[in-house]
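Asks: I'd like to ask you about the structure that follows.
The values are calculated or read from the model by the stated rules, or taken from the named source; none is laboratory data. The shown structure was predicted, so the numbers you read here are calculated from the model rather than taken from an experiment. Every residue, glycine among them, receives a Cβ derived from its backbone with ideal geometry; neighbour counts consider all protein chains shown. Accessible surface is based on the protein model in full, side chains and every heavy atom, while ligands, DNA and RNA are left aside. Shrake-Rupley method; radii C 1.70, N 1.55, O 1.52, S 1.80 Å.
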Amino acid sequence: MAENKGDPQPRAGAQMQKMISLKEDGFYSNCTMVETTPFDISVLFGKVRPRVDEKGNRSLVEVYEKQIYLSHLQARALYEALGRSLASLSAPRPEAAPPIDKQQ
């Protein structure tokens, strides 16, 4: 059997390196919908957009464009991370100290 030197097999007890790749384009969402199954959780991201029908009536419509699926474990991790982030945003911020008067 030929030996493959370009793809080394991990040794027992060896740690695997974690690589992260981020896409540079983002997606802004101002509405979400969550669907749950016994196996996973789906989050749909969308935007509320103005709409004018053929009679000229104006309304808002939700347009869902992106969807992600999470395992229950990953959904719990996201829930906890969002909770920490939102708690830090609502925590009181220290006020700036008054300027020091150097005239004495």
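Asks: Can you give me the solvent accessible area of I100 with a 1.4 Å probe, rounded to the nearest 10 Å²?
Replies: Spelled out: I100, probe radius 1.4 Å, area about 150 Å².
Asks: Give me the dipole magnitude in Debye, nearest 20, for the range 35-98 about the Cα centre, with unit charges on the beta carbon: positive for Lys and Arg, negative for Asp and Glu.
Replies: It works out to roughly 200 debye.
Asks: Students sometimes get this wrong: rank M33, M19 by accessible area, probe 1.4 Å, all chains present, largest first.
Replies: On the way: M33 75, M19 150 Å².
From most exposed to least exposed: M19, M33.
Asks: Let me ask you something else. For the pair V34 and V63, how long in nm is the line joining their label points, each one 7 Å along Cα→Cβ?
Replies: 2.6
Asks: So how exposed is Y79, as accessible area in Å² (1.4 Å probe, rounded to 10)?
Replies: 150
Asks: For the pair I100/K55, report the inter-label distance in nm, with labels modelled 7 Å from Cα in the Cβ direction.
Replies: Inter-label distance under the simple model: 7.0 nm.
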